[in-house]
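This report refers to the structure that appears directly beneath it.
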Protein chains: 2
Amino acid sequence: MTNPIDRLMLKAIQREPTPRRPLWIMRQAGRYLPEYRALRAKHSFKDLATSAELATEVTLMPFERFAFDAAIVFADIMSPLPALGIEFDFAPGPIVAQPIRSAADVEKLPEPDRDKLAPEVIAALKMSRMALSEDTALLGFCGAPWTLAAYLVEGKGVKDFPTLRAFAASEPDALDALLAKLSALMAEYLILQHKAGADAVQIFDSWAGVLALPDWERLIRPHLESLLSTVGAAGVPRILFLQNAPHLMDAYASLPCEVLACDWRIDIKGLQKQYGDTRAVQGNIDPAVLLGGPEATRAAAERLLEAVEPIGHIVNLGHGILPQTPLESVEALVETVHNENA
Amino acid sequence: MTNPIDRLMLKAIQREPTPRRPLWIMRQAGRYLPEYRALRAKHSFKDLATSAELATEVTLMPFERFAFDAAIVFADIMSPLPALGIEFDFAPGPIVAQPIRSAADVEKLPEPDRDKLAPEVIAALKMSRMALSEDTALLGFCGAPWTLAAYLVEGKGVKDFPTLRAFAASEPDALDALLAKLSALMAEYLILQHKAGADAVQIFDSWAGVLALPDWERLIRPHLESLLSTVGAAGVPRILFLQNAPHLMDAYASLPCEVLACDWRIDIKGLQKQYGDTRAVQGNIDPAVLLGGPEATRAAAERLLEAVEPIGHIVNLGHGILPQTPLESVEALVETVHNENA
């Protein structure tokens, strides 16, 4: 059995030298795969995400085609929220049955019910670990407190989340209480995932960018810091992914984590130059480039490998792979990364 | 008759001292007004935007309630595109009948037909100028070349415009040709608007933020610079509005214009500190704050007036006013700005 520390992905997270850079892709178990689309024709997204067996099948699906260096458990950022009594559906993004719009709504949230803290995700992690090859890392994940609150307050994904911003401006104390609850719950959830076999976890902060920096410092930082510290104290390696918030990148780099993951808007070379002594970086090919086919993909991958130092670099896209991506582009990406030092 | 240069708005654009700061609101002639909603119940958005009489009525509508210091002509960023033979509808954002997806599509665009360069907008400007009080400025506007190309290539507004990004990566020369055509046409359009009575023009760049800075420099800068230079050489004061692209703010500040307009994500105080010697600034209260009512609005307006030096500051929201905004919040904003030195 490989010592987990020998997994390429884990070495890169710790900024140790590796024979080549590790590669995985956000949404690698998703709609660009014909076999995923075939499964979705038979099951709703919610069915896939709430069945440990189906979630495991989907988690492992891309490995039939591509030698990625990490699997990420198939789940939704909403998956742990039934532990707070929150009901939701997908259409296709999350739709919350009863949005949280007042201090009273926050107070009404029950104490977390640990039996409902996504047992299907925990089971899928255990089953996936058993099925994965020893040299493949397994990742858990959660939504950052603010990004979860975005859906809970707005009720669904709406451009720039105006209801959330209004709530933040008018009810900062209620928001603070909500974020505190989410932060504590997510810490618990990530530690559970680690115990179930996740080598590392990624925290997705997708909507922080709707805030200006001073508001972020005041409203978000304390809760994200608390989540990351708790998880770090439990020995879980942390990948922090920030989306569409270039004005907050430096603030995120000041948070406790092992890996800074960034979208394609960010100058990842500059990020590594500035923070590479203490942080690995993950990213960040524009997923839209893959729509242009294998040649365009290869060129973009080569530019990335050229620009970013290999030690402490995990190759990924700058956002989830797009459903209409040709499989040939993914092949070209895998090939380019695998052949760098071959 | 007031000399146009005495209009508060024009003095602020030129960074001259004013008795108080000027104020206008993006989408001030819009759905938060009950009388606008009543008119929309009888006419489609396209009807309003393509009739000079109706567009004039809507342009003037907010002045029955609020003493704004500038009117902006009611039109859509797509309004001048029939001059390039482009057909579109609104649902509610622009839907382009035949998206541009190849070099051949760009080559097929006809020479601009000046008779179709939004004559209804030009007429609406002339009529609005006659109806407005002498101390109210009149603004024209257009979409920036990239933002227009976003709709033309993607076909409609889609989160992060992946087809556009793929086109930019795979067909940079075709994109360049498209942006050159749009830049030349928009320069002509803005100069026409100025001749028809627009004291100044605002260029809206809403979607530049989907690009990383090096791609922006390569793909967008030359065409935006050319547009701004041509318009500036014709003596038209230019307000450059950048939305959701904080990583590009410094690049925009290097472009030729009189006013840097920014969204609520941007530290406008810092922007003024850095560029205030050569540029006025416009903005940037978070429009979502107004949803919280007049008290929250007054507090945000007071914080803004406190933070930003009055000379060379045009008060505005950081994005279009939201349809669900209470009228009382707008009243509170107007009152706060008017009372600053009273």
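Which residue out of A:LEU164, A:LEU178 is touching a residue at least 40 places away in the same chain (Cβ under 8 Å), within 14 Å of chain B (Cβ to nearest Cβ) and more than 18 Å from the chain's Cα centre (by Cα)? Among A:LEU164, A:LEU178, only A:LEU164 is touching a residue at least 40 places away in the same chain (Cβ under 8 Å), within 14 Å of chain B (Cβ to nearest Cβ) and more than 18 Å from the chain's Cα centre (by Cα). Name every residue in segment A:119-140 that is in a loop (DSSP other than H, G, I, E, B) and surrounded by fewer than 17 Cβ atoms within 10 Å (Cβ to Cβ), in order of residue number. A:SER133, A:GLU134, A:ASP135, listed by residue number.
Condition first: within 22 Å of A:LEU227 (Cα to Cα), away from chain B (no Cβ under 14 Å) and in contact (Cβ under 8 Å) with a residue 24 or more places away in the chain. Can you find one or more residues in segment A:124-131 that meet it? Checking segment A:124-131: at least one residue is within 22 Å of A:LEU227 (Cα to Cα), away from chain B (no Cβ under 14 Å) and in contact (Cβ under 8 Å) with a residue 24 or more places away in the chain. Among the candidates A:ALA187, A:ALA233, A:ALA180, A:ALA200, single out the residue that is over 20 Å from A:MET78 (Cβ atoms), small (Gly, Ala, Ser) and open to solvent by less than 50 Å² (accessible area, probe 1.4 Å). On inspection, the qualifying residue turns out to be A:ALA200. All of (1) out of contact with any helix residue (DSSP H, G or I) (no Cβ under 6 Å at 6 or more places or on another chain); (2) open to solvent by 30 Å² or more (accessible area, probe 1.4 Å); (3) away from chain B (no Cβ under 14 Å) hold for A:VAL158 with one exception: (3). Inspection of segment A:250-258 identifies no residue that is at pLDDT 95 or above, open to solvent by less than 20 Å² (accessible area, probe 1.4 Å) and farther than 21 Å from A:CYS142 by Cα. The set of residues from segment A:161-170 being at pLDDT below 95 and either out of contact with any Asp or Glu (no Cβ under 8 Å at 6 or more places or on another chain) or more than 13 Å from A:LEU219 (Cβ to Cβ) (or both) comprises just one member, A:SER170. All conditions but one from (1) within 14 Å of chain A (Cβ to nearest Cβ); (2) not in a helix (DSSP H, G or I) apply to B:ASP250; the one that does not is (2). If you take the residues of segment B:16-53 that are among the charged types (D, E, K, R) and in contact (Cβ under 8 Å) with a residue 60 or more places away in the chain, which of them is most open to solvent (accessible area, probe 1.4 Å)? Among those residues, the one meeting the criterion is B:ARG27. None of B:ILE77, B:ILE86 is part of a loop (DSSP other than H, G, I, E, B), within 26 Å of B:THR325 (Cα to Cα) and at pLDDT 95 or above except B:ILE77. Scanning segment B:236-245 for residues that are open to solvent by 20 Å² or more (accessible area, probe 1.4 Å) and either within 14 Å of another protein chain (Cβ to nearest Cβ) or in contact with a Phe, Trp or Tyr (Cβ under 6 Å, 6 or more places away or on another chain) (or both) yields a single hit, B:ASN244. Scanning segment A:203-223 for residues that are more than 12 Å from every other protein chain (Cβ to nearest Cβ), in contact with a strand residue (DSSP E or B) (Cβ under 8 Å, 6 or more places away or on another chain) and open to solvent by 10 Å² or more (accessible area, probe 1.4 Å) turns up just one, A:PHE204.
Taken over segment B:306-342, residues that are among the hydroxyl-bearing types (Ser, Thr, Tyr) and within 14 Å of chain A (Cβ to nearest Cβ) amount to 2. Considering segment B:132-155 alone, what residues qualify as being within 14 Å of chain A (Cβ to nearest Cβ) and of a type in the set (Asp, Glu)? Passing the criteria: only B:GLU154.
Restricting segment A:277-293 to residues that are hydrophobic (A, V, I, L, M, F, W, C) and away from every other protein chain (no Cβ under 14 Å), the residue that is farthest from B:LEU164 (Cα to Cα) is A:ALA280.
The values are calculated or read from the model by the stated rules, or taken from the named source; none is laboratory data. As the structure is a computational prediction, the values presented were derived from the model and not from experiment. Every residue, glycine among them, receives a Cβ derived from its backbone with ideal geometry; neighbour counts consider all protein chains shown. When the accessible area is computed, the model is the full protein with side chains, heavy atoms only, and any ligands, DNA or RNA have been set aside. Shrake-Rupley method; radii C 1.70, N 1.55, O 1.52, S 1.80 Å.
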